[in-house]
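Take a look at the structure below.
The values are calculated or read from the model by the stated rules, or taken from the named source; none is laboratory data. Since this is a predicted model, take the numbers as computed values, not measurements. Glycine gets a Cβ as well: all are built from the backbone with ideal geometry, and neighbour counts include every protein chain shown.
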Amino acid sequence: MRTSDFDFDLPEELIAQFPAEKRAQSRMLWLNGAGGELRDMHFSELTQILRPGDVLVMNDTRVIKARLYGKKESGGRIEILVERILDEHHVLAHMRAGHSPKPGSKLLLDGNVEVTVIGRQDEFYHLRFDVEKTVLEILDEHGSLPLPPYITRVPEFPDEERYQTVYARAPGAVAAPTAGLHFDEAMLVRIKEMGVTLAYVTLHVGAGTFQPVRAESVAEHKMHSELYHVPEETVAAIRRAKQSGGRVMAVGTTSLRALESAAASGELSAGQGDTNIFIIPGYRFKVVERLLTNFHLPKSTLMMLVSAFGGLENIRQAYRHAIAQRYRFFSYGDAMLIERQTEGQNEI
């Protein structure tokens, strides 16, 4: 399987630079993976598709203000993007610098925050914050929101609200689980009143989500790792839904990846840990019947995931349709609802 199989040409003007005026006002393209049918809808019409007994699984991670600026001891400017908080004073981070700082060197971040370079772990720097305040406190005070690289503007104050889901609780992500950005509080209340269960997982989205697959062969790609947690109450909600004939909808690829990681042994189990699960066509899904997602980057691992879920040719057709109909793409763009292509894989 070639990476080029997941490429497409996207007019630049379709990359959404701002969110819709209101969360639930987005459009939604519905794809029936079983037959390939497409339907143009509004996101608010999702309530017409759901039914009592269904369960929506959402990622409650919260985006942190992960971007920091400062300088090295030599005076050279640096930019840091925190990828993972290890504890109250240690992080793994990307760093832009003229010359890579060596282990033991000191950094001075804006806000007079002193940092020591501990070493390297693969592409990340291990950094220690040499201050009394915790990393999260430092980020809240001095960090800036890490908008995706294809949003070609500086973050503005409204982004601090709109680049978070309304149910974000667990800080740790450097990118939003964007399928959830379409929900407002009122819509979640309506869905719950319908008899649909709202369940949660946590997967702290890393910056690797924006990286295209650079290897020519998909098999050569090394998937980035992210922290996830699937609580027992979510496992119980999914089992109840399946026993009563309800359907499981993952809100976002991150929720799906968390659930599939928790079912890697063949049985869905509560737990937490690191996952580098790489879902490509041919993968056998164990938990989810429906996927609510956004439109994804060409040649990305997420494009491969949705192609596995809805069928490669179906996804190609859907993306051609979305471009022709001027849907808005990527994080602040419109939604896509995908019915799983292959039947008979509802195992958990």
Taking residue 214 as the residue in question, decide whether it is outside the structural domain of residue 92 (by TED's automatic domain parsing), charged (D, E, K, R), within 30 Å of residue 49 (Cα to Cα) and outside any strand (DSSP E or B). no
Number of the condition not met by residue 111 [criteria: (1) touching a strand residue (DSSP E or B) at 6+ places or on another chain (Cβ under 8 Å); (2) not assigned by TED's automatic domain parsing to the domain that holds residue 332]: (1)
Residues (within 15 Å of residue 308 (Cα to Cα) and not aliphatic (A, V, I, L, M)) located in the range 241-255: 252, 253, 254
In the set 308, 263, which member is at pLDDT 95 or above, aliphatic (A, V, I, L, M), touching a Pro at 6+ places or on another chain (Cβ under 8 Å) and surrounded by 18 or more Cβ atoms within 10 Å (Cβ to Cβ)? 308
Do you know which residues across the range 17-42 are free of Cβ contacts under 8 Å to residues at least 40 places away in the same chain and more than 15 Å from residue 335 (Cβ to Cβ)? 21, 35, 37
Filter pass, residue 209 being at pLDDT 95 or above, in the same structural domain as residue 330 (by TED's automatic domain parsing) and either of a type in the set (A, V, I, L, M) or surrounded by 16 or more Cβ atoms within 10 Å (Cβ to Cβ) (or both): no
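Any residue at all in the range 43-58 that's without any contact (Cβ under 8 Å) to a residue 60 or more places away in the chain, of a type outside the set (Phe, Trp, Tyr) and loosely packed, with under 12 Cβ neighbours inside 10 Å?
yes
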So which residues in the range 45-89 are among the small types (Gly, Ala, Ser) and outside any strand (DSSP E or B)? 53, 66, 74, 75, 76
What pairs come out if I take residues in the range 322-346 that are at pLDDT below 95 and pair them with residues that are of a type in the set (A, V, I, L, M) whose C-beta lies under 8 Å away, six or more apart or interchain? 341/34; 343/34
Does residue 126 satisfy the condition of being surrounded by 14 or more Cβ atoms within 10 Å (Cβ to Cβ), under 25 Å from the mean Cα position of the chain (by Cα), farther than 29 Å from residue 222 by Cα and not small (Gly, Ala, Ser)? no
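For (1) surrounded by fewer than 15 Cβ atoms within 10 Å (Cβ to Cβ); (2) at pLDDT below 95; (3) over 14 Å from residue 67 (Cβ atoms), each residue gets a yes or a no:
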{"position": "100", "(1), (2), (3)": "yes, yes, yes"}
{"position": "103", "(1), (2), (3)": "yes, no, yes"}
{"position": "108", "(1), (2), (3)": "no, no, yes"}
{"position": "122", "(1), (2), (3)": "yes, yes, yes"}
{"position": "157", "(1), (2), (3)": "yes, yes, yes"}
Kindly indicate whether any position in the range 160-176 is within 30 Å of residue 48 (Cα to Cα), without any contact (Cβ under 8 Å) to a residue 60 or more places away in the chain and either surrounded by fewer than 16 Cβ atoms within 10 Å (Cβ to Cβ) or of a type in the set (Asp, Glu) (or both). yes
Those residues of the range 77-89 which are in contact with a strand residue (DSSP E or B) (Cβ under 6 Å, 6 or more places away or on another chain) and exposed (fewer than 15 other Cβ atoms within 10 Å of the Cβ) amount to 77, 79
Quick one: which of 132, 79 is within 26 Å of residue 161 (Cα to Cα) and modelled with pLDDT of 95 or more? 79
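Let's see how each residue does on (1) surrounded by 18 or more Cβ atoms within 10 Å (Cβ to Cβ); (2) touching a residue at least 60 places away in the same chain (Cβ under 8 Å); (3) aliphatic (A, V, I, L, M):
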{"residue": "196", "(1), (2), (3)": "yes, yes, yes"}
{"residue": "203", "(1), (2), (3)": "yes, yes, yes"}
{"residue": "219", "(1), (2), (3)": "no, yes, yes"}
{"residue": "223", "(1), (2), (3)": "no, yes, yes"}
{"residue": "229", "(1), (2), (3)": "yes, no, no"}
{"residue": "235", "(1), (2), (3)": "yes, no, yes"}
{"residue": "241", "(1), (2), (3)": "yes, yes, yes"}
